[in-house]
Amino acid sequence: MTASYPYIGRFAPSPTGPLHFGSLVAALASYLDARAHNGIWRVRMEDIDTPRCIDGADSQILHQLDAHGLQWDGEVVYQSKRHSLYRAMLADFVSKGLAYNCICTRRMIKDNGGVYPGTCRFANHPHGQTAIRLQLTHPVTQFYDRVLGEVTVDDPHALEDTVLKRRDGLYSYNLVVVADDIEQNITDIVRGSDLLATTATHLSLYQLLAQPSPRYAHIPVAALSIGRKLSKQNHAMAIDTNQAVQNLVQALTFLGYKVPDEAINLSPSSVLQWAITHWRCDNIPKKREIIVAAQDSTYHTQPRT
Ligand code: GLU
């Protein structure tokens, strides 16, 4: 077992659909890391982007976690109920002179190569139908990752003045995740490597807020082919709760475990117990993605034509 230190981890799914193999791997890795450190493991529903959320997906996800023995601690937190927290954080950035109004449209930014060039930084636009952006003069681009080691992010999105509040009035993902992780005293974040550049942005926010940042461990994402992450858009299959042990064994293998054949006859909680005892961050493949068999119906289904 890994040495214990004060540890609060979390799994933060967006309720835009049920868990698929990729999201099960993320849930499992954060759960095992927390439990191997005798830590707390929280679940937070990231339902801030309400138009993308699907009714009932939250309870489906919780049922799937439960069926796999992934028991969380405390109440499940919903971002949609925490607007006052986000309002306060936004006000903090505004009062520090670190936020400005931006009138640029998605189209304008796309025409500029997709990265926001800071057009409105000194324009002093009055607030109205505007987005609010962070003035990011010293972006963080390097950090230590418990799986990947020293990471240097070269994605230009990590350098741009990120949106704090969208034009449509919704708080941005980057603002709310950092607000939640600070408010929930999260010490450790284990999540997919597709969020590496996002982590750099989050670390910039922690720095500007003079808050201690959590430790990070980025695990490989399951992909159907290079750069094509398993996702709802790629018709990822919902994991079948009647095959919990098989799913766990498959997810553990993905995370670098050599699972004994007998495991398949155990209960989900016994498999998890074994996995907690054998958890080692060092065994996780140091890769951004791992290609899973695209033909395997565990992972995804072909779209109907
Ligand atoms: N809600 C994000 C997702 O489902 C995860 C964000 C995070 O772990 O910080 O991809």
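The values are calculated or read from the model by the stated rules, or taken from the named source; none is laboratory data. Computed from a prediction, not measured in an experiment: that's the story for all the values here. With ideal geometry, Cβ positions are generated from the backbone for all residues, glycine too; neighbour counts draw on all protein chains shown.
When we screen 244, 275 for residues that are surrounded by 14 or more Cβ atoms within 10 Å (Cβ to Cβ), modelled with pLDDT of 95 or more, in contact with a Phe, Trp or Tyr (Cβ under 8 Å, 6 or more places away or on another chain) and closer than 20 Å to residue 67 by Cβ, the only hit is 275. Just for the stretch 164-193: of the residues that are surrounded by 18 or more Cβ atoms within 10 Å (Cβ to Cβ) and more than 16 Å from residue 48 (Cβ to Cβ), which one is farthest from the ligand (Cβ to nearest atom)? Only one residue fits best here, namely 187.
With respect to (1) more than 15 Å from the chain's Cα centre (by Cα); (2) in a helix (DSSP H, G or I); (3) free of Cβ contacts under 8 Å to residues at least 60 places away in the same chain, the lone exception for residue 35 is condition (3). Collect the residues in the stretch 58-83 that are hydrophobic (A, V, I, L, M, F, W, C) and closer than 20 Å to residue 221 by Cβ, keeping them in residue-number order. 61, 65, 70, listed by residue number.
In the stretch 187-200, the residues that are among the hydrophobic types (A, V, I, L, M, F, W, C) reach residues that are near the ligand (Cβ under 8 Å from one of its atoms) and in a loop (DSSP other than H, G, I, E, B) with C-beta atoms within less than 9 angstrom, at least six apart or across chains, in these pairs: 189/12. State whether the residues of the stretch 115-133 include one that is closer than 24 Å to residue 81 by Cα, among the aliphatic types (A, V, I, L, M) and crowded, with 17+ Cβ neighbours inside 10 Å. So far as the stretch 115-133 goes, yes, one or more of its residues are closer than 24 Å to residue 81 by Cα, among the aliphatic types (A, V, I, L, M) and crowded, with 17+ Cβ neighbours inside 10 Å. Just one of the numbered conditions (1) near the ligand (Cβ under 9 Å from one of its atoms); (2) not in a helix (DSSP H, G or I) is not true of residue 26: (2). Among the residues of the stretch 68-91, the one identified as buried (at least 17 other Cβ atoms within 10 Å of the Cβ) and among the small types (Gly, Ala, Ser) is 69.
The combined condition, being under 30 Å from residue 219 (Cβ atoms) and either touching a residue at least 12 places away in the same chain (Cβ under 8 Å) or not hydrophobic (A, V, I, L, M, F, W, C) (or both), is not fulfilled by residue 98.
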